[in-house]
Amino acid sequence: MEKTAIDLLWLRPGRVGGTESYIRNLLDGLAKLEEEFDFTLLVSRDNADTFRKYESDKRFHLLTADIKSANIGKRIIWQNLFQNRLLRKNGFRKCFEPVYCKPWLNGGIQYTCVIHDLQALHYPEYHPFHEVAYSRLCWRMDVWNAARIVAISRWVKEDIERRYGRKDIRVIYNPILIRENEVVEFDSLGRKYGIERKRFYYTVSQMIPHKNLMTLIKVMEKIAERKKDMEENCVEETSVRSVAGDAGARGTDTLPCRLLISGVNGHAAQQLKAQIADKNLQDIVTLTGFVSNEERNTLYQNCHTFLFPSVFEGFGMPPVEAMLFHTPVITTKCASIPEVTQGKAVYVEDPYDADEWIGRMLEVDRERRGAREDPDFALYAPERISCQYLDLLKETVWKRK
């Protein structure tokens, strides 16, 4: 196939959440294929080392631009002024853009862009004005002049069609790569975070408002309050009513009173930390920050239930990753989440209702593990997804402006 550049200048290691997992899983999937291709990774001075391993495969090459990805403003200016020129100089006519932020004008380069969601259109109040304006401009230019547009779920495809009218959008799910043996000893994490096997809840999320982590803080506060009341009043378990009200099932004393939240910081990080401190929940809720894949997998594997309260996702990889470890998942019915989890999770109707969350947690506690059917994980296999991208990038497409 014609040699193709893959733009990775946007990637700031450990700071861009799910899009980083997406592209690294995709590259690993491509590396496992036996097919011939010629991909050059366009990297920056400060992220190049994280992609060096691919140079051992003769089908991958690295081209380092003289910029730093950490300086977002300068990177955007450089890309729009010089990226197309650099690509042409090195003999490229095709470039795969794994996110939405390609140069606004194509400059003789045929771009295939991936749009993960239109978040800033749905929640402009959660972003600075310049981010909203930049994102909207990029999406409009992608739709206008990219040769191909990929959406990561049917829900995103339909959202783009409604907002911008372009119809020739290809849906390709995110690749999910979980190695079940890529774990660490739980005992070390237990000591580090003060947790016991199957006696803590877990979530993985960027700390931005639509991820709805505040609701989980309210949930844990209610569980803690009920447990404290029962201890003080020495109430028999059989006489305890559920905090979920009408659920009327077993009491919250059966539920773990511990929550771990892993993920990179975001706009809501300070508010979240302030709420935890204000409610005096520091011993109950722990923000781990960024964790390695090995630590994350170990926490997926050993948590009681994985909680995913997000109200907006273009895809949402963490609940599927948790399911790969046969861990129960409670999540919402918002955006793409039911599609991606294939209806196999436990869902809340109102993502902001702490009592309903506790009712679902009691439901999972009663069902025990293994009671629910797993999704078809083959749909997200990196090799399968990589083949779909490879086929797409091999296609000859008509050149847009």
With every protein chain kept in place and a 1.4 Å probe, the residues SER56, SER153 fall, from largest accessible area down, as SER56, SER153
Could you state how much accessible area LYS198 has, in square angstrom rounded to the nearest 10, with a 1.4 Å probe and all protein chains kept in place? 70
Rounded if a/c under 1.5, otherwise prolate or oblate - region 304-369, Cα gyration tensor axes: oblate
Kirkwood Rh over alpha-carbon pairs of the chain, then Stokes-Einstein at 4 °C and 1.567 mPa s: what D in µm² s⁻¹, rounded to an integer? 57
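Order ASP229, ASP7 by their accessible area, 1.4 angstrom probe, all chains in place, largest first.
ASP229, ASP7
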Relative contact order for the chain: what percent, with Cα pairs under 8 Å and sequence separation of 6 or more? 18
Under 20 Å by backbone N from the virtual spin label 7 Å along Cα-to-Cβ at LYS32, the residues of region 152-177 are 172-177
Please list 3J(HN,Hα) in residue order for region 190-205, calculated via the Karplus relation 6.51 cos²θ - 1.76 cosθ + 1.60 where θ = phi - 60°; whole Hz, with x for glycine and proline. x, 5, 5, 10, x, 10, 10, 4, 6, 10, 8, 9, 9, 8, 10, 6
LEU86 versus THR50: modelled label distance in nm, points set 7 Å from Cα along the beta carbon direction: 1.7
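When a/c reaches 1.5 or more, the comparison of a/b and b/c decides; with that in mind, is region 268-353 rounded, prolate or oblate per its Cα gyration tensor? Numbers along the way, then the final one.
Values: a/c = 1.92, a/b = 1.28, b/c = 1.50.
The shape class here is oblate.
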Residues with amide H under 5 Å of VAL114's amide H, sequence separation 5 or more or different chain, H placed in the peptide plane at 1.01 Å from N; which? GLU97, VAL99, VAL150
Computed over region 28-128: relative contact order in percent, which uses C-alpha pairs under 8 Å that are six or more apart: 18
How far apart, in nanometres, would the label points at ASP355 and TYR123 be if each is projected 7 angstrom from Cα along the Cα-to-Cβ direction? 2.5
Let's see if you can work this out: charge +1 on each Lys and Arg Cβ, -1 on each Asp and Glu Cβ, no other charges. What is the dipole magnitude of the chain about its Cα centre, in debye to the nearest 20? 1860
Taking the Cα-to-Cβ direction at ASN280 and at SER292 and moving 7 Å from each Cα, how far apart do the two end points lie in nm? 3.7
I'd like to compare 309-322, 289-302, 70-83: which one has the highest average count of other Cβ atoms within 10 Å, and what's the full order after that? 309-322, 289-302, 70-83
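Take LEU259, LEU62, LEU105 and sort them by solvent-accessible surface of the protein heavy atoms, 1.4 Å probe, largest at the top.
Working: LEU259 0, LEU62 35, LEU105 115 Å².
Heavy-atom accessible area, descending, gives LEU105, LEU62, LEU259.
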Once amide hydrogens are built 1.01 Å from N within the peptide plane, the residues lying 5 or more places from TYR347 or on another chain with amide H under 5 Å from its amide H are THR331
Ignoring everything but the protein chains, give the 1.4 Å probe accessible area of HIS130 in square angstrom, nearest 10. 120
Got a sec to turn the phi values of region 166-181 into Karplus ³J(HN,Hα) couplings, 6.51 cos²θ - 1.76 cosθ + 1.60 with θ = phi - 60°, whole Hz, x for Gly and Pro? 6, 10, 7, 9, 8, 9, 9, 5, 5, x, 10, 10, 10, 9, 5, 8
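The values are calculated or read from the model by the stated rules, or taken from the named source; none is laboratory data. Model, not experiment: these values are computed from the prediction. Neighbour counts are summed over all protein chains in view; Cβ atoms, including those assigned to glycine, are modelled from backbone coordinates with ideal geometry. Areas reflect the complete protein model, heavy atoms only, side chains present, ligands, DNA and RNA absent. Shrake-Rupley method; radii C 1.70, N 1.55, O 1.52, S 1.80 Å.
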